[in-house]
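Asks: Here it is, the structure, as structure tokens.
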Amino acid sequence: MDNDRDPVLVRIGGVVATNAVDGYFPEDVNLNGQVKYTGTGNDRDPILQTIGGGAATNVRYEQVP
């Protein structure tokens, strides 16, 4: 099953998790103009907080109208 964190990692190059890419990409979850996987203001943490934050393996399903 696909997860929502991998596209963030792929956007920054997929090798070095501390890289960042400037721009408003679909992976820019917090819409600050930069895609980051780690560090302050990263785009991975909002995803983890949405699913409960305690375990990265949690899944949350939502229905879109």
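The values are calculated or read from the model by the stated rules, or taken from the named source; none is laboratory data. As the structure is a prediction and not an experimental result, all values here were calculated from the model. Note that we place each Cβ from the backbone using ideal geometry, even for glycine, and neighbour counts take in every protein chain shown.
Asks: Pull up the stretch 1-43, narrow it to residues that are assigned to a strand (DSSP E or B) and without any contact (Cβ under 8 Å) to a residue 24 or more places away in the chain, then point me to the one that is surrounded by the fewest Cβ atoms within 10 Å (Cβ to Cβ).
Replies: Result: ASP22.
Asks: Can you tell me how many residues in the stretch 44-60 are buried (at least 16 other Cβ atoms within 10 Å of the Cβ) and among the charged types (D, E, K, R)?
Replies: Of the residues in that region, 2 qualify.
Asks: Could you check the stretch 18-56 and list, in sequence order, the residues that are at pLDDT below 90 and over 9 Å from the mean Cα position of the chain (by Cα)?
Replies: GLN49, THR50, ILE51, GLY52, GLY53, GLY54, ALA55, ALA56
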